[in-house]
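Undergrad: Here it is, the structure in full.
Each value in this text was obtained by applying a stated rule to the coordinates, not by laboratory testing. Since the structure is predicted, the reported quantities are computational estimates derived from the model, not experimental observations. Note that each Cβ is placed from the backbone with ideal geometry, even for glycine, and that neighbours are counted across all protein chains shown.
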Amino acid sequence: MLRHGLAALLASAALAAHAQSPAPAAVAWEIQVVRDGQTIDTFKETTTVGQTRTDTHHYPASVSVGCGDKARVFPAERTRAVTVAPLAADGGAITLALDVQETLDDDSATPNADPCMPASPRQIVASHPGLAVGGTSWTDWTLIANHPQLVYRVRAHVAKD
């Protein structure tokens, strides 16, 4: 009988301790995709610490094929996917794991390139295992330094209930 009473007491204590532990923080985050100084896309969401959120944006593009009067422009679709996982939220400091996949049309001038051949799109895949951000200030994560310059501007804060 004593054994059952002790087990019940320990189980009650464990439940009470679990009930008192705070729930994981919800993190409100925002990402601006900046290409050559211009914001071209924005992601914004709230995700709980320990959870993951993936958003994919689709946008139109056009591909020019051929030269002169035989040139044709065909519609295409490009995508940009961002996966955000808040790892920690300690006071004003937020740590985010980020994964990015993006398709860019390479419109930079390439020497000796055949102007009649369409440029192949560039596949960008990047990960940041723990970007420290916090408050209202932006933290820049540069994916491509130039031709084109591609920067993800990130900010996050603990969401209010």
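Undergrad: Return the whole-Å distance between the Cα centroid of the stretch 137-159 and the Cα centroid of the stretch 36-71.
TA: After rounding, the separation between the Cα centres reads 15 Å.
Undergrad: Using modelled backbone amide H atoms (1.01 Å from N, in-plane), which distant-in-sequence or interchain residues come within less than 5 Å of Thr48's amide H?
TA: Val27
Undergrad: Moving to a separate point now. Just grab the label-to-label distance for Asp69 and Arg153, each label 7 Å out from Cα along the Cβ direction, in nm (one decimal).
TA: If labels sit at Asp69 and Arg153, their model points lie 4.7 nm apart.
Undergrad: Quick check: residue separation of Gln51 and Ala26 times 0.36 nm, minus the Cα distance between them. What number comes out in nm?
TA: 8.1 nm is the gain from fully extending Gln51 to Ala26.
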